[in-house]
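Working notes for the structure below.
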Amino acid sequence: DAGVTQSPTHLIKTRGQHVTLRCSPISGHKSVSWYQQVLGQGPQFIFQYYEKEERGRGNFPDRFSARQFPNYSSELNVNALLLGDSALYLCASRAGDTQYFGPGTRLTVL
Amino acid sequence: AQSVTQLGSHVSVSEGALVLLRCNYSSSVPPYLFWYVQYPNQGLQLLLKYTSAATLVKGINGFEAEFKKSETSFHLTKPSAHMSDAAEYFCAVSGGGSTLGRLYFGRGTQLTVWP
């Protein structure tokens with residue numbers, strides 16, 4: 001079975017732009033979570049979605065939004081990019097009590 | 001609320017030596033605890049998890065961890081380090097039920113293994 005997939009792998013944007021990151025969960029997984037990992041730190045929880053509904057949100061500004069589609073794939077959107085948004089963005093899908101992570105999207109904001 | 005503290009941002013051991021990576025947690029509910037490993041430029045791979053069953057948990061690649069409620073600890077150990085163990089290790093905590101999709105991570109411990 002394929003694992004969690006994310007696209008794109010790398011992305012370079014400038015301040016003020018908008019970005020959309022995509023995630024496909026493991027087949028059969030209905031829950032997707034997003035995390036931001038700034039260099040040198042542990043991942044920080046951004047959003048949790050289950051059955052297309054938001055089930056949790058971390059301490060991130062409203063510039064961050066997400067959605068989950070009927071096929072359980074998900075998008076993370078970030079508006080008005082700041083330099084501090086540069087990070088590895090990780091998506092995870094969950095089965096039972098375990099989350100399985102994708103390889104991440106490396107976002108660089110110049 | 002849940003949080004994790006990893007003691008020691010860098011740990012160095014010789015090949016064949018014991019590996020001990022420390023993790024202390026705080027949780028207002030019975031915790032679910034996890035150790036993940038991250039190799040350079042990759043995502044996170046699950047090493048092992050504690051979910052209120054046996055307190056000594058065995059994981060992949062010879063790693064194990066012991067849940068100690070009295071010490072609020074979940075330290076990761078491996079009897080004999082291998083060069084391929086060099087990576088960053090993250091401890092994470094979650095509550096149960098609807099919060100299982102929210103992991104709270106420590107800052108990570110970079111493990112270096114010397115030949």
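The values are calculated or read from the model by the stated rules, or taken from the named source; none is laboratory data. Small disclaimer: the values here were computed from a predicted structure and weren't measured. Please note: Cβ atoms are built from the backbone with ideal geometry, for glycine as well, and neighbour counts cover all protein chains shown.
Quick notes on this one:
Residue by residue, here is whether (1) among the charged types (D, E, K, R); (2) touching a residue at least 24 places away in the same chain (Cβ under 8 Å); (3) more than 17 Å from B:S98 (Cβ to Cβ) holds:
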site	(1), (2), (3)
A:G40	no, no, yes
A:Q48	no, no, no
A:G58	no, no, no
A:D62	yes, no, yes
A:R67	yes, no, yes
A:N79	no, yes, yes
A:D85	yes, yes, yes
A:L88	no, yes, yes
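- For region A:62-101, a tally of residues being closer than 19 Å to B:G43 by Cα, within 14 Å of chain B (Cβ to nearest Cβ) and aliphatic (A, V, I, L, M) returns 5.
- Here region B:74-115 is the region considered, the condition is being under 17 Å from B:S27 (Cβ atoms), modelled with pLDDT of 95 or more and in contact with an Asp or Glu (Cβ under 9 Å, 6 or more places away or on another chain), and the residue that is farthest from the other protein chains (Cβ to nearest Cβ) is B:H75.
- Selection within region A:33-61: residues that are within 9 Å of chain B (Cβ to nearest Cβ) and outside any strand (DSSP E or B). The member of this set that is farthest from A:S93 (Cα to Cα) is A:G40.
- Of the numbered criteria (1) within 11 Å of chain A (Cβ to nearest Cβ); (2) in a strand (DSSP E or B); (3) surrounded by fewer than 18 Cβ atoms within 10 Å (Cβ to Cβ), the one B:A53 fails is (2).
- Any chance A:T9 is in contact (Cβ under 8 Å) with a residue 60 or more places away in the chain, of a type in the set (V, I, T), within 10 Å of chain B (Cβ to nearest Cβ) and surrounded by fewer than 16 Cβ atoms within 10 Å (Cβ to Cβ): yes
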